[in-house]
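These notes concern the structure reproduced below.
Every number in this text was worked out from the coordinates using simple rules, so none of it is lab data. What you are looking at is a predicted structure, and each value in this text was computed from that prediction instead of being measured. FYI the Cβ positions are ideal-geometry reconstructions off the backbone, even for glycines, and counts take in every protein chain you see.
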Amino acid sequence: MSENKDQKCRLGTVGGQAVMEGVMMRSKTTTAIAVRNLETKKITARVKPSKTIRDKVKFFRLPIIRGIVNFIEMMILSFSTLTASTEMLGIEEEKPSKFEKWLEKRFGASLMGFISVIATILGLGLSIFLFIYLPSGSAKLVDNFVEGDMNQYIKAFIEGFMKIAIFVAYLALVSLIPDIKRVFMYHGAEHKSIFCYESGEELTVENVKKHTRFHPRCGTSFMFVMIIISIIAGALIPTWDPLILRVFIKIMILPFIVGIGYEFIMYAGKHTNFLTKTLSAPGLWMQRITTKEPDDSMIEVAIISIKAALPNEFPDFIVPLEEKTADKKEENTTAKEEKAADENI
């Protein structure tokens, strides 16, 4: 009985993300990144406190709202995690070109911030075009062939089909890239290690290997649930003329779709019933693309990351990590500024 209670308490306490040659894990107290260095083949772990505005502002802990806030925070965390993991890989940076030196001299530290903002805007613009404007515009062509009440339902169906087709095609194409395939393998290692931890088993390579790589709280499932909710919401929006108005309305309700999707994913991660199984099925199926079976070395990285993210659960593991930090602070100014902990294993 106590074992089942312990397993229930562990559900949803840690989540993660695959990065280049590594895994990021995040608990309520700690965020950890573990990466296998390309040069030394050793695993480097870096930890920092997990911070969320939801701990400070009660309003941001309300249902739906907390999902919107979490989405924004995870976008920011994902960007910083990818940057940190690239540094930890041990890849030697190329010497900057004359043009890059000129840009750095002219704009200084603000250059990277400016580039990040532009990249974010372009990414959002592309997402809005692919998943909102293009499906709605394609569905609008039905007006030339069908009239009456059926027109509305046919357009909603085409719009939804286009969204799913674009999403699946994009994931299938990027999965063909060798580096992305390795990221997807680390994604599988992340899921397996979380399942192993949540089951209450000891975190060993053999124990982790036997668990499934398909997890109901995965970001892939979240994205698919959001698409399903947006299809339902789109069918309820009667406005198709002008098209730009429909696109504007869909952008305005997007935060609420994110919030509802978050609530469902969290619920599905802790409950198993007909509704959660039905709505989770497409996302779990999509994980056949976004996760691959990891090798033992990848599982080792995931285990280190999850242990580092749970210092209260694994105090014997985290102590040497903190001791190493004290040495690093004297030698490495970057580690000092980031207040990170590095350990070669």
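The figures follow:
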quantity	calculated
Proximal charge balance of M266 [Cβ under 11 Å; K/R count +1, D/E count -1]	+2
Length released on extending from S80 to L141, taking residue separation times 0.36 nm less the Cα-Cα span	17.8 nm
Where labels lie 7 Å past Cα in the beta-carbon direction, separation of I289 and I72 in nm	3.0
Extension reserve of the I244-H271 stretch, reckoned as 0.36 nm per residue once the Cα distance is removed	5.8 nm
Approximate spin-label separation K58-V174, in nm, with each point projected 7 Å along Cα-to-Cβ	4.0
Extension gain from S127 to M252, taking 0.36 nm per residue of separation minus the Cα-Cα distance	43.6 nm
Backbone N within the stretch 283-308 under 18 Å of label point (7 Å from I164 Cα along the Cβ vector)	283-290
